[in-house]
Amino acid sequence: MNKEHPNDSLEPKNGTNHTGKLKPNQVKSSSSFYHGPQLHKRVLVVDDNSDIVFTLRIGLESDPTMQVYSYDNPVTALLEFEPNFYDLLLIDINMPMMDGFQLAQKLLQKDLNVRICFMTAGEINMDAAREVHPLKSIGCFIKKPITAEQLLRHIKAELE
């Protein structure tokens, strides 16, 4: 079943999806119009701070091979998540309503193959976090603040 593209503005509603692009469930399958390798790496950014979401998205999209989708609400990100669409999830650990580990566990129930990088401004013992949250898809832990160049290096290394 093909979904049609909306005719109205692509501006985010309720400040939750800051992509300015179609949501994954509004994008036709790439196999319907292109049979070669995927041209862009799709990254989902989830952070409860909309300024950080915007900054991370701008930093990642400075690389023309990155296509970034972003949310400042983990519940909305979970509800609108499309399996087998994203190459990498970049999730803040400390968020209200649902922390990053809880969100990751729920997203992995929808898509077992997606890679995950966690971000935090606080201190974290990565080995202890891996013991408490034995998610096989955990890739990197990124300490905020981070420059756009450093972020791109981390993300590209995870996507290789």
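The values are calculated or read from the model by the stated rules, or taken from the named source; none is laboratory data. Quick caveat, the model's predicted, so the values are computed rather than measured. Positions of Cβ are backbone-derived with ideal geometry, glycine not excepted, and every protein chain shown enters the neighbour counts.
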Exercise. What number of residues within the stretch 34-57 are at pLDDT 95 or above, surrounded by fewer than 18 Cβ atoms within 10 Å (Cβ to Cβ) and hydrophobic (A, V, I, L, M, F, W, C)?
Worked result: 1
Exercise. Counting only residues that are touching a Pro at 6+ places or on another chain (Cβ under 9 Å) and outside any loop (DSSP other than H, G, I, E, B), which one in the stretch 85-105 is farthest from L159 (Cα to Cα)?
Worked result: Q102
